[in-house]
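Here is the structure we will look at.
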Amino acid sequence: MRNALKLLPALAVAALPFGPVLAQDEAGVDTVVAVVNGTEIKLGHMMTLYANLPQQYKQIPVTQLFDGILEQLIQQEALAQHFDGTPPASVTLSLENEERALMAASEIGALLENAATDEAIQAAYDAKYVDGDGEREWNASHILVETREEAEAIRQVLLDGAVFAEVAKTSSTGPSGPSGGSLGWFSAGQMVPPFEEAVMALESGEISEPVETQFGWHIVKLNETRIAEAPSLEEVRGEIVNELEAQAVEDHVNALTSAAKIERPDLSGIDPALLQQPGLLE
């Protein structure tokens, strides 16, 4: 069913008169702002409508929106009262879905109030960065060539005592060649898997067998490894809060659905394409 009434742009222009000024201690969500044939419209209805406006409307000063929002609610109430007949299924089902979603969101909101306390954040930080350790990092250099035969020949030259950086400068086709093949420091996941696996298998100072990637053939030298300095709590607070909240929601939902009596009938006879036929709701 189409949304037959939207906030009209004409109601949101600067020409609108300012809304009534209500003292802070006099107005609340239950403050009546209009009565349509005996049905009250409250300030809370206006606040809810405003909260769900598209973002572009919220760029307009709220004083210029006040009367437009109130007028829309009055119009909607008059139209709703005039409707004669059984509400379409789309209306009834939409209201049920909306109530379900809002109540679920309220439950999650209440849950999240205590999901990321200072104590929980500190505990999660300590567990993730135990003993102050950050993630392991590797410092490596490589020489990139086109064929395995070239890589094997270069490896032998290096084993015979050639300086890795000098050979890289003259033989490597990679962009790091001019700087002696140095790749600097990197952590897990930053290199393509075959290259990363070769690096992690080396001891500091060791030179790898030829390694093939989509870029060609590499001879890799692991220069050194280190444990990166752990970030401060404030640097990762937001990340930890998100993790704690996500885990709290997941645990709560799993607990509720596990405890609930959920009956799932056989749906094999239902064609998923029915979801694309909104006309059935009319």
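Counting only whole DSSP H helices of the chain, the ones at least 20 Å long by C-alpha along their axis and with mean Kyte-Doolittle hydropathy no lower than 0.0 are 62-82, 89-112.
Spin-label model, Glu149 to Glu235: label points 7 Å out along the Cα-to-beta-carbon direction sit 4.9 nm apart. In a reduced charge model with +1 at each Lys and Arg Cβ and -1 at each Asp and Glu Cβ, the chain shows a dipole moment near 980 debye about its Cα centre. Of the GluC sites (Glu not before Pro) found in the stretch 80-115, those in coil by DSSP whose Cβ has at most 10 other Cβ atoms within 10 Å are Glu113. Near Ala230, the amide H atoms lying under 5 Å from its own belong to Gly134; only residues 5 or more places off or on other chains count, and H is placed 1.01 Å from N. Its relative contact order, with pairs defined as Cα atoms under 8 Å and 6+ residues apart, puts the chain at 19 percent.
Fully extending the segment from Lys169 to Lys58 would add 34.1 nm, taking 0.36 nm per residue of separation and subtracting the current Cα-Cα distance. Ranking Ser187, Gly68, Ala101 by how far each Cα lies toward the positive end of the dipole of the chain (charges on Cβ) leaves Gly68 at the top.
Working from label points 7 Å from Cα in the Cα-to-Cβ sense, the Glu40 to Val253 distance is 3.7 nm.
Every number here is computed from the coordinates shown, using simple stated rules; none is lab data. Being a predicted model, the structure only gives us computed values, none of them experimental. In this analysis, Cβ positions are derived from the backbone assuming ideal geometry, glycine residues included, and neighbour counts consider all displayed protein chains.
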